[in-house]
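Written out below as structure tokens is the structure these notes cover.
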Amino acid sequence: MTPGWQRLLYRLGWDTRSRNVLPARLLRASLSTVPARPLLDVGCGSLGVAEFLSGFSVIGVDLPESITADTNKVVVGGSVMALPFPSASFAVSSCIDVLEHLSVADRAQAIAEVMRVTDKTILIACPHGPQARKCDDEYRSAAAARGRSLPAWVKEHLRQDYPEAIAIKNLIHGAAAASGRQASVASRYCESISVSRIIRLAASRSDLMYAAANLFFGIILPLLPSPGAHDSYRMVLLVNLSEKNLAIETADQETRTANRQC
């Protein structure tokens with residue numbers, strides 16, 4: 001169980017609050033329509049969006065070394081590339097800060113897997129576009145100039161091409177079509193890029209400056225204007241799925257049966 005003071009800092013700090021408040025609000029609305037079913041949070045980490053969803057049950061999936069169960073969350077070891085659940089196990093799923101850690105080639109499989117186990121709504125959030133890469137590049141340069149170590153997550157971000165909204169939406173529509181469904185995708189944005197630059201500049205100087213800036217901007221987050229597509233670090237895609245096309249589903253089942261008989 002995570003200590004209470006760490007959970008409080010997680011809820012108040014800019015880095016975690018700016019990332020989770022908008023997804024939590026959107027997820028809360030979707031989960032309220034299916035009160036008997038938990039959220040699947042893929043790549044949940046130690047706390048994840050569950051910390052912002054008190055009153056809702058969450059099943060988290062992450063690599064074994066990241067597993068930490070908490071108040072409203074049960075965690076299962078697994079990978080987004082092969083989720084350990086039957087198809088349509090969840091009405092609502094989230095995949096927050098996962099795609100940017102995957103190669104471009106693996107992102108289609110990850111989205112298809114989340115869609116396989118979800119029958120209604122998926123929320124995908126991740127850094128997006130050239131402005132997110134530039135922000136991380138600036139952080140790398142500032143840290144190197146002062147001999148500060150760069151967090152592993154930044155190094156991992158910079159090894160991949162950053163997700164682009166159009167490319168991810170195309171993967172979503174393709175995965176939906178392959179499953180015999182249609183997807184409608186609504187775009188939202190969070191984490192002001194200008195504030196994140198300030199936070200990272202502070203982090204490149206000292207841990208104390210980072211802690212002070214992270215907490216200050218996290219506390220005043222509700223007072224700041226919401227960013228748009230060109231001044232945000234993170235995009236939030238809310239995917240609503242149609243009912244399955246029974247004809248396609250039947251054909252898929254017949255194909256699987258024929259393959260087993262061969």
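The values are calculated or read from the model by the stated rules, or taken from the named source; none is laboratory data. Just so we're clear, the structure is a prediction, and the values are computed from it rather than from any experiment. Neighbour counts run over all protein chains shown; Cβ positions are idealised from the backbone, glycine included.
General observations
- The single residue among 42, 34 that is at pLDDT 95 or above and either of a type outside the set (Phe, Trp, Tyr) or under 27 Å from residue 181 (Cα atoms) (or both) turns out to be 42.
- Which listed residue, of 166, 122, is more than 18 Å from residue 42 (Cβ to Cβ), modelled with pLDDT of 95 or more and either of a type outside the set (Phe, Trp, Tyr) or in contact with a strand residue (DSSP E or B) (Cβ under 8 Å, 6 or more places away or on another chain) (or both): 166
- Cβ-Cβ distances below 8 Å connect the following pairs, each with a first residue in region 204-231 that is closer than 20 Å to residue 148 by Cβ, a second residue that is of a type in the set (Asp, Glu) and surrounded by 15 or more Cβ atoms within 10 Å (Cβ to Cβ), and a separation of six or more residues or different chains: 214/15.
- Filter pass, residue 203 being at pLDDT 95 or above and either touching a Leu at 6+ places or on another chain (Cβ under 7 Å) or of a type in the set (Phe, Trp, Tyr) (or both): no
- Scanning region 180-220 for residues that are of a type in the set (Gly, Ala, Ser) and under 30 Å from residue 120 (Cα atoms) yields 180, 183, 184, 186, 187, 192.
- Within region 227-241, restricting attention to residues that are small (Gly, Ala, Ser) and surrounded by 13 or more Cβ atoms within 10 Å (Cβ to Cβ), the residue that is nearest to residue 181 (Cα to Cα) is 229.
- Residues satisfying the stated conditions in region 31-62, i.e. within 16 Å of the chain's Cα centre (by Cα), farther than 22 Å from residue 191 by Cα and not acidic (Asp, Glu): 39, 40, 58, 59, 60, 61
- Output for region 205-231, where each listed residue is among the polar types (S, T, N, Q) and in contact with a Phe, Trp or Tyr (Cβ under 9 Å, 6 or more places away or on another chain): 214, 226
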